[in-house]
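The values are calculated or read from the model by the stated rules, or taken from the named source; none is laboratory data. Owing to the predicted nature of the structure, the values given are computational and were not obtained by experimental measurement. In this analysis, Cβ positions are derived from the backbone assuming ideal geometry, glycine residues included, and neighbour counts consider all displayed protein chains. Accessible surface areas use protein heavy atoms only, side chains included; no ligands, DNA or RNA. Shrake-Rupley method; radii C 1.70, N 1.55, O 1.52, S 1.80 Å.
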Amino acid sequence: MSTTVTRNPNSSTKKSKPAASPFRSSVILDEVGLPKDPDNLYTQTVDVMLHAAELLEVPRYVQLIMAQPKNEIMVHFPVKMDNGQYELFKGYRVQHNNALGPYKGGLRFHPDVHLDDVKSLALLMTMKCALTRLPFGGGKGGVKCDPRKLSSGELMRVTRRFAAAISHAIGPDYDIPAPDVGTNAQVMAWFADTYESLSDSNRNSWDALRVVTGKPVEIGGSLGREKATGQGVVDVLVELLPSIGIDIKGMKFSVIGYGNVGSWTARILAKLGAKLVAVMDHTGGIRNDAGLDTELLAEHVAKAGGVAGYGKGGKAAKNGATAVSAEEFYKTPVDVLVPAALEQMIKAEQAKYVNCKVIAEGANAPTTPAGDRVLNDRGIEVVPAILANSGGVTVSYFEWVQNKTCTSWDIEEVDRKLNQHMVSAARRTLLARQKYACDMRTAAYIAALEQIGKVYAVRGIFP
Ligand code: NAD
């Protein structure tokens, strides 16, 4: 039985701010000294959270706490490169909040990683874990580097030095990283092995590996973790789309990014009868209105490093594609657009010309507030990241529980439990949306903050 999505009432609320301000909440932005720059990603993320907190009437002290991370760790470490020279790398770990449980969140290896980015992603993790009712808080980390330009040996040394640099600040019951953009199960294995090697000698070595999730199955990874975020996106769409009047079987969709989240979302949707008609990644855009072969495209990306050149030969020659510009990609008519790459890819400009009924945020923070306003005015539904992509952290939690209890679940059990979590989170969001007459993003934050507010109410603040 799927959930009914009432159309966004788009009503103004009793606490809405004058239209001139780009922020929906400003009091605490001033108090905590955040930059009043509408393009600053952290300010944008905090503003969304505070707007929801005001609607929910979360106590002011909780709003203040949530507006800044608890800890921001920055490290610099040297790594010997293949050419014999040393390079200095910069790494981050931001621990946003642990009221609900250990800090939890991915590690990103990307040239654009910077502190505000990591802070925003850490806040999103706090919200995501609270919305899905996982016993975790939020964290995020990363290294400013381009993993595509590193040899396998260099990537391993960067990972191990980074793990050593932050090993004092993380732990299997304190802060548990996972894969994100530019990292994968192999990186998690090197990270866990380094942490274990540096940890107490009398500690159970297998237990120390619990310090990360998204590990290879051989060292305690969960079945279903690799596809989990994409599976979660699909579970939420299956729950929500029928009442928006979209039948997954036969629907057209497009994807930004064909990495972990984008490719798994596409492959699982294709198995349900949906048709992938356009993809864009860092190498370019491709389109085929008759439908792209999601499996052949994944093989092509694994070999070529991106979607560009797909269908020009080999097995995919019969399933050709036309190269398209970014603008042509966004204008391709689809039912659902799944951004699954980086932040801020749907700004006001793109929001004006996207040609879809629903945007399902596989990526974190892909839509800017200005983009959101345009989409809202155009009646395009946005399934927010903290709901749509929470499947990854949910199966990470399953992995952590399996490791703690020395068990391993079969894929059917993982998928079934994941589906329960995703459907419950979707229903919680829609209930909040109905009650507070707001958009789906604000509703998801409200549903998350309800949980955090309750925990602070009973725990109080030390001393
Ligand atoms: P990934 O490294 O596997 O893939 C990233 C994709 O982004 C690649 O296809 C790359 O080509 C594309 N990309 C990079 N720059 C681009 C650009 N300028 N234009 C278009 N495409 C570009 O990363 P991933 O794990 O799939 O993560 C993607 C997003 O999903 C991120 O926002 C991440 O935080 C989020 N996320 C990931 C997980 C997870 O389990 N991996 C969980 C939740 C959320």
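Condition test on V423, is it touching a helix residue (DSSP H, G or I) at 6+ places or on another chain (Cβ under 7 Å), more than 20 Å from T126 (Cα to Cα) and open to solvent by less than 40 Å² (accessible area, probe 1.4 Å)?
Working: touching a helix residue (DSSP H, G or I) at 6+ places or on another chain (Cβ under 7 Å): yes; more than 20 Å from T126 (Cα to Cα): no; open to solvent by less than 40 Å² (accessible area, probe 1.4 Å): yes.
Against the criterion (touching a helix residue (DSSP H, G or I) at 6+ places or on another chain (Cβ under 7 Å), more than 20 Å from T126 (Cα to Cα) and open to solvent by less than 40 Å² (accessible area, probe 1.4 Å)), V423 does not qualify.
Of all the criteria given as (1) more than 16 Å from M125 (Cβ to Cβ); (2) modelled with pLDDT of 95 or more, the one not satisfied by S396 is (1).
Restricting to the range 323-350, name every residue that is within 20 Å of the chain's Cα centre (by Cα) and of a type in the set (A, V, I, L, M, F, W, C). The answer is V336, L337, V338, A340, A341, L342, M345, I346.
Only one of the numbered conditions (1) surrounded by fewer than 22 Cβ atoms within 10 Å (Cβ to Cβ); (2) touching a strand residue (DSSP E or B) at 6+ places or on another chain (Cβ under 6 Å) is not met by S396, and that is (1).
Picking from D30, D39, which residue would you name as being outside the structural domain of E343 (by TED's automatic domain parsing) and loosely packed, with under 13 Cβ neighbours inside 10 Å?
On the way: D39 fails: loosely packed, with under 13 Cβ neighbours inside 10 Å.
The conditions single out D30.
When R441 is tested against the conditions (1) within 20 Å of the chain's Cα centre (by Cα); (2) surrounded by fewer than 24 Cβ atoms within 10 Å (Cβ to Cβ); (3) charged (D, E, K, R), the lone failure is (2).
Based on this model, can you work out whether E218 counts as at negative phi and outside the structural domain of A363 (by TED's automatic domain parsing)? In short, yes. Residues that are among the aromatic types (F, W, Y) and under 25 Å from S396 (Cβ atoms) within the range 419-457 comprise Y445, Y456, listed in sequence order. State whether the residues of the range 142-149 include one that is among the small types (G, A, S) and either within 16 Å of G105 (Cα to Cα) or within 15 Å of the ligand (Cβ to nearest atom) (or both). There is at least one residue in the range 142-149 that is among the small types (G, A, S) and either within 16 Å of G105 (Cα to Cα) or within 15 Å of the ligand (Cβ to nearest atom) (or both).
Listed by position, the strands (runs of 3 or more DSSP E) enclosed by the range 169-285 that each have at least 1 residues that are more than 10 Å from the ligand (Cβ to nearest atom) and among the basic types (K, R) are 252-256, 275-281.
V158: in a strand (DSSP E or B) and over 22 Å from the mean Cα position of the chain (by Cα), yes or no? No: the conditions fail for V158.
Residue selection: L272 fails the criterion of being modelled with pLDDT of 95 or more and either open to solvent by less than 60 Å² (accessible area, probe 1.4 Å) or within 20 Å of P366 (Cβ to Cβ) (or both). Screening the range 79-111 for residues that are without any contact (Cβ under 8 Å) to a residue 60 or more places away in the chain and hydroxyl-bearing (S, T, Y) and picking the one that is surrounded by the most Cβ atoms within 10 Å (Cβ to Cβ) gives Y92. Take F162 and decide whether it is more than 22 Å from L88 (Cβ to Cβ), among the aromatic types (F, W, Y) and either assigned by TED's automatic domain parsing to the domain that holds A341 or at pLDDT 95 or above (or both). Here the answer is no, as F162 does not meet what is asked.
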